[in-house]
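The values are calculated or read from the model by the stated rules, or taken from the named source; none is laboratory data. A quick note: this is a predicted structure, and the numbers were derived from the prediction, not measured. Heads up, the Cβs are rebuilt from the backbone with ideal geometry, glycines too, and the neighbour counts pull from every protein chain shown.
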Ligand SMILES: Nc1ncnc2c1ncn2[C@@H]1O[C@H](COP(=O)(O)OP(=O)(O)OP(=O)(O)O)[C@@H](O)[C@H]1O
Ligand SMILES: [Mg+2]
């Protein structure tokens, strides 16, 4: 496991299908990249569990509510609130699959990760390996859930994969495979599929 | 059985014995054509079928209703189309054959021992399983079904349209029942007929009598649309084929007929005349008049009748009143007790055939017997009508000759059945008629000898090969008797239905008939072929003759050629 992969946060709670990590607003800023739709991983009893960041929630507390209500939002207050207080940010992850004995599997792991484990962003190499070895079969999980915005997650996911291509390249070799998986899952739902392909077409154009 | 070497084009996705198989196509739709001959292996069977329809289907009509390349990026559009749009084939299952377990397996060896002989194809009684792979038939599949060209009996008539594998016709089977060649004008009927006849003559199982109304079978001719010379059967086979000209003095350019045919008045029977009822517009009383004529003048009624005059009157010696003359029709009618006006009308109408140049009182030679003797001796006769190419001549002469033939072949067959040791089996005979509807239309069918032949002469070793543009005009009872049908393009619904009458899979084959390429393609079907098959017809040209006869032609084409070979050029 590559150690240089940056840590996003630490596990707060988990189920088989997903989990939530917590971090500080300040730490998120330090990561300096969009997080929605990013591939990430967490170690759990000999398995590496892979997931996609589905949501990021900045929580409030009594003080924040009070500050907003009073309209006290000078730059000093903002900075103080961000750096000196331990106001948590929660990041939700959908579990997509896991790796065991060196093999990638697009299924839910037997046990969820445990509390306080570190959630790391995947490195390009690891992320691509997970996608390609699974032939994007895990996209079904994203598309079939209703809790998070599936289309947005998939577009963000594709954009992350593309950001790993050497600059100026057109869509990587993973792209047809991703599109195929999407079409396979959604082809009986004309309306949803055509909206998704519209958005994906626009995204693909933006890579040129 | 060997694996078919072709790649799969799709898989069985549904269907039934009645309703055709549905095959999901996995190659671009343009790679498969209607009429393609396909095979499918499933369990111990190999199935043989014919693509009868191709359909474009979509998972959801909305995918088909919008050009995806116009909406999405090319990469996405291509993937989407592949997943949502798919062509399917309708395949008419025709035959199946036991193939045994996988070759090489222990079960296979055991099966081989149980079935030492070659297994034979049979009509389909079951279906391949879902998802059985479908392939285009390869050369081995096609020769399993249609036979392997042997230069004699198994005669190549063309090739499959997709991959150009030879499609053959078994001539011995072909001549066992009457056959028909159909197609619109210019579709290639005469060329195909000439080619099959050449094959028949070469193979030698049957004699052929060709009524050559337009002088295109015997002598060499020129193709009307290419202007190139076209070899006739006479120069192809020389002495095996007798070229007979109707009437004295008929010739075909430089070529003289082997002999000419003149018909004696005495050979004309009332039956022959009745067969012209329509053409001569005879009245309903004509049969009665004819029967009295034959009663009064057995053997020479025609001569006698023609000598009588219509309306000849002389003054009565006693009364001075004008009465019918002794040599008048009326006189005879009165004495015979026949209706006068009917007799006179018949006499007048027979005037139309009286002066045909080939009808004579005493022929110089016995052309009619020569024709029959030649046919019995295993030779072939092309009777060219020369300048006598009216419908009346055609009806009269073909009926008259064919009736004689029927009598002779029936007699021979009966003799043969009486004493098989002493009497030889009759020589099978194929009688070839162009413009067959003139002889076999609904009104005529009851009168002409041809429908009798089509219906029952098989027992007497005589069958017909009829060639026609308008099969719908031919009496259905005759059409349904045709063993082998070969048809070029047909446009008319009724003609298409007529060609398919009495055959299974009509609905599926109909469209195929309408879309055949003129001059190039035909559909072959019926009892005489294992399964219906469209094909690109073999070219009838110099190469054909070379392939048929070997590089050495059988004999010099004509006396002129012969002479020039010997250095006697004039
Ligand atoms: N097998 C063939 N080989 C070579 N040429 C052919 C063949 N079949 C058809 N053709 C071409 O097509 C033309 C028409 O063919 P053909 O004379 O046989 O038509 P048809 O069906 O007999 O027409 P019709 O009903 O008017 O007599 C020929 O002149 C020839 O050029
Ligand atoms: Mg013709």
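Residues in the stretch B:162-189 that are surrounded by 21 or more Cβ atoms within 10 Å (Cβ to Cβ) and in contact (Cβ under 8 Å) with a residue 60 or more places away in the chain: how many? Spell out how you get there, then give the answer.
Narrowing the stretch B:162-189 to residues surrounded by 21 or more Cβ atoms within 10 Å (Cβ to Cβ): B:167-169, B:171, B:174-175, B:178-183, B:187-189.
So of that shortlist, the ones also in contact (Cβ under 8 Å) with a residue 60 or more places away in the chain come out as B:167, B:169, B:174-175, B:178-183, B:187-189.
Of the residues in the stretch B:162-189, 13 are surrounded by 21 or more Cβ atoms within 10 Å (Cβ to Cβ) and in contact (Cβ under 8 Å) with a residue 60 or more places away in the chain.
Counting residues that are more than 14 Å from chain A (Cβ to nearest Cβ) and at pLDDT below 95, which helices (runs of 4 or more DSSP H) fully inside the stretch B:42-136 reach at least 3?
On the way: elements: B:61-64, B:68-71, B:74-84, B:106-114.
Counting at least 3 such residues, we get B:106-114.
Regarding residue B:11, is this residue in contact (Cβ under 8 Å) with a residue 12 or more places away in the chain and closer than 22 Å to residue B:143 by Cα?
Working: in contact (Cβ under 8 Å) with a residue 12 or more places away in the chain: yes; closer than 22 Å to residue B:143 by Cα: no.
Here the answer is no, as residue B:11 does not meet what is asked.
Could you grab me the full set of residues in the stretch B:192-221 that are within 9 Å of ligand 1 (Cβ to nearest atom) and either surrounded by fewer than 20 Cβ atoms within 10 Å (Cβ to Cβ) or assigned to a loop (DSSP other than H, G, I, E, B) (or both)?
As a first pass, look at the stretch B:192-221 and keep what is within 9 Å of ligand 1 (Cβ to nearest atom): B:192-195, B:214, B:216.
Of everything in the stretch B:192-221, those that are within 9 Å of ligand 1 (Cβ to nearest atom) and either surrounded by fewer than 20 Cβ atoms within 10 Å (Cβ to Cβ) or assigned to a loop (DSSP other than H, G, I, E, B) (or both) turn out to be B:214, B:216.
Out of the residues in the stretch B:14-41 that are in contact with a helix residue (DSSP H, G or I) (Cβ under 7 Å, 6 or more places away or on another chain) and outside any strand (DSSP E or B), which is farthest from the other protein chains (Cβ to nearest Cβ)?
This residue is B:35.
Could you say whether any residue in the stretch B:175-184 is closer than 25 Å to residue B:514 by Cα, more than 14 Å from chain A (Cβ to nearest Cβ), part of a loop (DSSP other than H, G, I, E, B) and within 16 Å of ligand 2 (Cβ to nearest atom)? Lay out the reasoning, then the answer.
Here is the first cut: in the stretch B:175-184, the ones closer than 25 Å to residue B:514 by Cα are B:178-184.
Among the residues that remain, those that are also more than 14 Å from chain A (Cβ to nearest Cβ) are: B:178-184.
Keeping just the survivors that are part of a loop (DSSP other than H, G, I, E, B) gives B:178, B:183-184.
With within 16 Å of ligand 2 (Cβ to nearest atom) added as a condition, the list becomes B:183-184.
Yes, the stretch B:175-184 has at least one match.
Residue A:2 versus (1) closer than 30 Å to residue A:129 by Cβ; (2) modelled with pLDDT under 85; (3) surrounded by 15 or more Cβ atoms within 10 Å (Cβ to Cβ): which is the lone unmet condition?
(3)
Only one residue in B:30, B:35, B:70 is closer than 30 Å to residue B:168 by Cα and either in the same structural domain as residue B:533 (by TED's automatic domain parsing) or without any contact (Cβ under 8 Å) to a residue 60 or more places away in the chain (or both), so which one is that? Write out each step before concluding.
Details: B:35 fails: either in the same structural domain as residue B:533 (by TED's automatic domain parsing) or without any contact (Cβ under 8 Å) to a residue 60 or more places away in the chain (or both); B:70 fails: closer than 30 Å to residue B:168 by Cα.
After ruling out the rest, the residue left standing is B:30.
Among the residues of the stretch A:183-198, how many are more than 9 Å from every other protein chain (Cβ to nearest Cβ) and either crowded, with 16+ Cβ neighbours inside 10 Å or in contact with a helix residue (DSSP H, G or I) (Cβ under 6 Å, 6 or more places away or on another chain) (or both)?
Residues flagged as more than 9 Å from every other protein chain (Cβ to nearest Cβ) and either crowded, with 16+ Cβ neighbours inside 10 Å or in contact with a helix residue (DSSP H, G or I) (Cβ under 6 Å, 6 or more places away or on another chain) (or both) within the stretch A:183-198 amount to 4.
Might you let me know whether the stretch B:256-275 holds any residue that is in contact with a strand residue (DSSP E or B) (Cβ under 6 Å, 6 or more places away or on another chain), away from chain A (no Cβ under 14 Å) and within 16 Å of ligand 2 (Cβ to nearest atom)?
Within the stretch B:256-275, not a single residue is in contact with a strand residue (DSSP E or B) (Cβ under 6 Å, 6 or more places away or on another chain), away from chain A (no Cβ under 14 Å) and within 16 Å of ligand 2 (Cβ to nearest atom).
Which one of these is more than 17 Å from the chain's Cα centre (by Cα) and more than 19 Å from residue B:171 (Cβ to Cβ): B:415, B:435?
Just a single option satisfies the conditions, and that option is B:415.
Within the stretch A:152-182, how many residues turn out to be surrounded by 16 or more Cβ atoms within 10 Å (Cβ to Cβ) and farther than 17 Å from residue A:131 by Cα?
Here the count works out to 0.
Check residue A:172 against each of (1) modelled with pLDDT of 95 or more; (2) under 14 Å from residue B:75 (Cβ atoms); (3) more than 11 Å from chain B (Cβ to nearest Cβ) and name the one condition it does not meet.
(1)
For the stretch A:30-126, give me every one of the strands (runs of 3 or more DSSP E) that falls completely inside it and has 1 or more residues that are within 20 Å of residue A:143 (Cβ to Cβ). Talk me through it step by step, then tell me what you get.
On the way: elements: A:39-44, A:47-58, A:88-100, A:103-105, A:118-121.
By residue number, A:39-44, A:47-58, A:88-100, A:103-105.
Being without any contact (Cβ under 8 Å) to a residue 60 or more places away in the chain and within 25 Å of residue B:168 (Cβ to Cβ) narrows it down to one residue among B:506, B:470; which is it? Lay out the reasoning, then the answer.
On the way: B:470 fails: within 25 Å of residue B:168 (Cβ to Cβ).
Result of the check over B:506, B:470: B:506.
Quickly run through the stretch B:461-471 and pick out the residues that are away from ligand 1 (no atom under 15 Å from the Cβ) and either within 24 Å of residue B:188 (Cβ to Cβ) or surrounded by fewer than 22 Cβ atoms within 10 Å (Cβ to Cβ) (or both). Break it down stepwise before answering.
To start, the set of residues in the stretch B:461-471 that are away from ligand 1 (no atom under 15 Å from the Cβ) comprises B:461-464.
Within the stretch B:461-471, B:461, B:463, B:464 qualify.
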